[in-house]
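The values are calculated or read from the model by the stated rules, or taken from the named source; none is laboratory data. Model, not experiment: these values are computed from the prediction. Note that we place each Cβ from the backbone using ideal geometry, even for glycine, and neighbour counts take in every protein chain shown. Accessible surface areas use protein heavy atoms only, side chains included; no ligands, DNA or RNA. Shrake-Rupley method; radii C 1.70, N 1.55, O 1.52, S 1.80 Å.
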Amino acid sequence: MKRHLLAIAIAIAIPLALAGCGRENPNASLESRGKATAGAETSTGGSRKGDFGPPQGEPIEAILTSPPLVPPATGRDYPAKVVVNLEVREVDLEISEGVTYTFWTFGGTVPGSFIRVRQGDTVEFHLNNHPDSKMPHNIDLHGVTGPGGGASSTFTAPGHSSQFTFKALNAGLYVYHCATAPVGMHVANGMYGLILVEPPEGMPPVDKEFYVMQGDFYTTTKYREKGHAPFDMQRAIDENATYVLFNGSESALTGDNAITASVGETVRLYVGNGGPNLVSSFHLIGEIFDKVWFEGGTRYQENVQTTLIPAGGAAIADFHLEVPGSYVLVDHSLFRAFNKGALGILKVDGPENLEIYSGKEIDAVYLGDKAASMEPVATAAAASAAGTLTLDDQVKAGQALFAGTCSTCHQPDGKGMAGVFPPLAQSDYLAKGNAELINVVLNGLSGPVTVNGQDYNSVMPPMSQLTDDEVANILTYTLNSWGNPGGRVTKDEVTKVRAGTERSEGAAH
Ligand SMILES: [Cu+2]
């Protein structure tokens, strides 16, 4: 049975059983956490503040985790003094295959370290700015009650550290971020993370918990343009993101970094949105969230397909897994998912459940090049830059790119689909020469065309989002596969054809 049925029963029963038992009761039973929105009023006078008195016991050093990991539950039933040590570091990390970006981080990762405390805890917060940093930084935690959320108390120059203390009065999932001017720039560079203030009775237990946070990034370079990608202030002001990402990198939650779970498990995602600009329409393809504590607050909604996460906001999403396979996390503003990187994968293993879902995986089509390893593409790009690119490099990179970009229509074996998609395998069209093939890829093809004596009259969309390198590699792979005659397409040939083509500005790469 789906768990939410049980939850409904609890939601109906609990308001009677726990009437008048508000947040301030540290011994409130587990079920009182997260009543469904309907019919679950409690008399807190609109306030959810919980001050359970002075901290008890020895101070506790908070366990901080890097994404996608979440620290264990505090497991405490009393307020404690919790010490948080967070280090700011400015680091060069991969934002996309073969592309680096200088991130400013809380704890060396984007998003920053996950912090977990309990409502009523007294938090002694130490912000340490690494001596190698070039910038001063501070921190505004949305879970702090007090001016600036800590920002005014934590302005910290490189090589310095600051300390302030706050009492975590409100339960919830909160964003923290740097608030040093220019604030937008510090946030755009990755300076955000999540702090969970557990309700006194803790979160309902689940099998797996993960930490996912969306952010938008602005670079002077194009999407996936290899090399170092510098921050672009004007694009940030224009809210014209180059990348929209989960956990700061296109590969943070894909390929070998996909998060994993098993059939029968209940999974919880702590999802934040650092922004700085974009609102997330957070969706998990192939699943329905049984519960969403929307906006990171106290009530949950049930049976949610897509939950809106504001910039500087968060949500907690629970779901039970019935069917194995790959589930895709996206921002359902879909060009962000498929053209700016806002995509992650949850791999679920376990026995098939054919009554619920009949099978047939569609990974390759849905995921595009996310389904294939992009390592050969990065290798070829590096070799191209170094002037050592071999035919073999090009073919391998082209194969990986073909799988995500062309195989949907022309099929992985290049044979196409009768009457709809012409073949690339042993196609007589290839004899038209490199310039025409480049032209087809960059500008698309439509209208009547004859391939190997068969007539087609369909539309191939332009693939101008591919870089010159990528077009050269895909076509070189095509020429050297499936019994085709061989040959080579160079980046310079592609550059030339592109330069000679008039396209609207939006279509230019
Ligand atoms: Cu900063």
In this structure, is residue 298 farther than 24 Å from residue 335 by Cα, in contact (Cβ under 8 Å) with a residue 24 or more places away in the chain, part of a loop (DSSP other than H, G, I, E, B) and open to solvent by 10 Å² or more (accessible area, probe 1.4 Å)? yes
So which pairs qualify, if the first residue must be in the range 149-175 and under 16 Å from residue 115 (Cα atoms), the second must be open to solvent by 40 Å² or more (accessible area, probe 1.4 Å) and assigned to a strand (DSSP E or B), the Cβ gap must be under 8 Å, and the two must be at least 6 apart or on different chains? 169/49; 170/49
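Right, residue 100: of a type outside the set (D, E, K, R), away from the ligand (no atom under 16 Å from the Cβ), at pLDDT below 95 and open to solvent by 20 Å² or more (accessible area, probe 1.4 Å) or not? Walk me through it before giving the result.
Details: of a type outside the set (D, E, K, R): yes; away from the ligand (no atom under 16 Å from the Cβ): yes; at pLDDT below 95: no; open to solvent by 20 Å² or more (accessible area, probe 1.4 Å): yes.
Criteria not met by residue 100.
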May I ask you to verify whether residue 414 is open to solvent by 50 Å² or more (accessible area, probe 1.4 Å) and part of a loop (DSSP other than H, G, I, E, B)? no
Of the conditions (1) away from the ligand (no atom under 16 Å from the Cβ); (2) of a type in the set (A, V, I, L, M, F, W, C); (3) free of Cβ contacts under 8 Å to residues at least 60 places away in the same chain, the single one that residue 263 does not satisfy is (3)
Does the range 178-189 contain at least one residue that is closer than 30 Å to residue 467 by Cβ, free of Cβ contacts under 8 Å to residues at least 24 places away in the same chain and among the polar types (S, T, N, Q)? no
With the condition kept exactly as written, say whether any residue in the range 107-115 is within 15 Å of the ligand (Cβ to nearest atom), within 28 Å of residue 58 (Cβ to Cβ), over 26 Å from the mean Cα position of the chain (by Cα) and not in a strand (DSSP E or B). no
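For the range 136-156, how many residues are outside any strand (DSSP E or B), within 11 Å of the ligand (Cβ to nearest atom) and under 26 Å from the mean Cα position of the chain (by Cα)? Break it down stepwise before answering.
Going residue by residue through the range 136-156, those that are outside any strand (DSSP E or B) are 136, 138-139, 142-155.
Narrowing the set further to residues that are within 11 Å of the ligand (Cβ to nearest atom) leaves 136, 138-139, 151, 154-155.
Narrowing the set further to residues that are under 26 Å from the mean Cα position of the chain (by Cα) leaves 138-139.
Of the residues in that region, 2 qualify.
Just to be sure, is residue 424 touching a His at 6+ places or on another chain (Cβ under 9 Å) and either part of a helix (DSSP H, G or I) or surrounded by 14 or more Cβ atoms within 10 Å (Cβ to Cβ) (or both)? Lay out the reasoning, then the answer.
Numbers: touching a His at 6+ places or on another chain (Cβ under 9 Å): yes; either part of a helix (DSSP H, G or I) or surrounded by 14 or more Cβ atoms within 10 Å (Cβ to Cβ) (or both): yes.
Yes: the conditions hold for residue 424.
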Filter the range 122-131 down to residues that are open to solvent by 10 Å² or more (accessible area, probe 1.4 Å) and part of a strand (DSSP E or B) and give me whichever is farthest from the ligand (Cβ to nearest atom). 122
Quick check: anything in the range 346-360 of a type in the set (Gly, Ala, Ser), out of contact with any strand residue (DSSP E or B) (no Cβ under 8 Å at 6 or more places or on another chain) and part of a loop (DSSP other than H, G, I, E, B)? yes
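For every residue, the table says whether it meets (1) within 16 Å of the ligand (Cβ to nearest atom); (2) open to solvent by 20 Å² or more (accessible area, probe 1.4 Å); (3) outside any strand (DSSP E or B).
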| site | (1), (2), (3) |
| --- | --- |
| 84 | no, no, no |
| 87 | yes, yes, no |
| 105 | yes, no, no |
| 133 | yes, no, yes |
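Filter the range 280-289 down to residues that are among the aromatic types (Phe, Trp, Tyr) and either touching a Leu at 6+ places or on another chain (Cβ under 8 Å) or open to solvent by 10 Å² or more (accessible area, probe 1.4 Å) (or both), then give me how many there are. Write out each step before concluding.
Restricting attention to the range 280-289, the residues satisfying the condition of being among the aromatic types (Phe, Trp, Tyr) are 282, 289.
Going one step further and asking which of them are either touching a Leu at 6+ places or on another chain (Cβ under 8 Å) or open to solvent by 10 Å² or more (accessible area, probe 1.4 Å) (or both), we end up with 282.
The number of residues fulfilling the criteria is 1.
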From the residues in the range 268-311 that are at pLDDT 95 or above and among the charged types (D, E, K, R), which one is farthest from residue 358 (Cα to Cα)? 295
